[in-house]
Amino acid sequence: QVQLVESGGGLVQAGGSLRLSCEASGSIFSINVMGWYRQAPGKQREMVAVITSGGSTNYADSVKGRFTINRDDDKKVYLQMNSLKPEDTAVYYCNAFPTGYKRGYWGQGTQVTVSS
């Protein structure tokens, strides 16, 4: 079993910054891809940023230049969010796809609210 625990959400004014953290635990040898997704009220969950074990990254167009994803070991991933906008308000979910597993796993989500 794989567990993901997120932290770092909160309330911030537009233009501010937040840093989200996610740590994976469980019977994991390594994790190929980790990422952040978000879901706003009434909308579908969407990819925000993903990063492979080799350091390759991919960002949603809406966050390019403002958000940065990074990993400092195989089981922790971070999302630095700068220049936040009200439209970034959502529940942010961490996702991990461990090597050798057939599916990815989700964290419980952390709320990010950006006030105008």
Task: Within region 31-77, considering residues that are in a helix (DSSP H, G or I) and in contact with a helix residue (DSSP H, G or I) (Cβ under 8 Å, 6 or more places away or on another chain), the one surrounded by the fewest Cβ atoms within 10 Å (Cβ to Cβ) - done: Ser62
Task: Hits in region 92-116 (condition: outside any strand (DSSP E or B) and touching a Ser or Thr at 6+ places or on another chain (Cβ under 6 Å)) - done: Thr99
TODO: Identify the residue in region 17-30 that is of a type outside the set (Gly, Ala, Ser) and open to solvent by 50 Å² or more (accessible area, probe 1.4 Å) and, among all such residues, is nearest to Gln108 (Cα to Cα).
DONE: Glu23
Task: Sole exception among (1) in contact with a Pro (Cβ under 8 Å, 6 or more places away or on another chain); (2) open to solvent by less than 30 Å² (accessible area, probe 1.4 Å); (3) within 20 Å of Val114 (Cβ to Cβ) for Ala14, by number - done: (2)
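The values are calculated or read from the model by the stated rules, or taken from the named source; none is laboratory data. Quick caveat: nothing in here was measured; it's all calculated off a predicted structure. With ideal geometry, Cβ positions are generated from the backbone for all residues, glycine too; neighbour counts draw on all protein chains shown. The accessibility values were calculated without ligands, DNA or RNA, using every heavy atom of the protein model including side chains. Shrake-Rupley method; radii C 1.70, N 1.55, O 1.52, S 1.80 Å.
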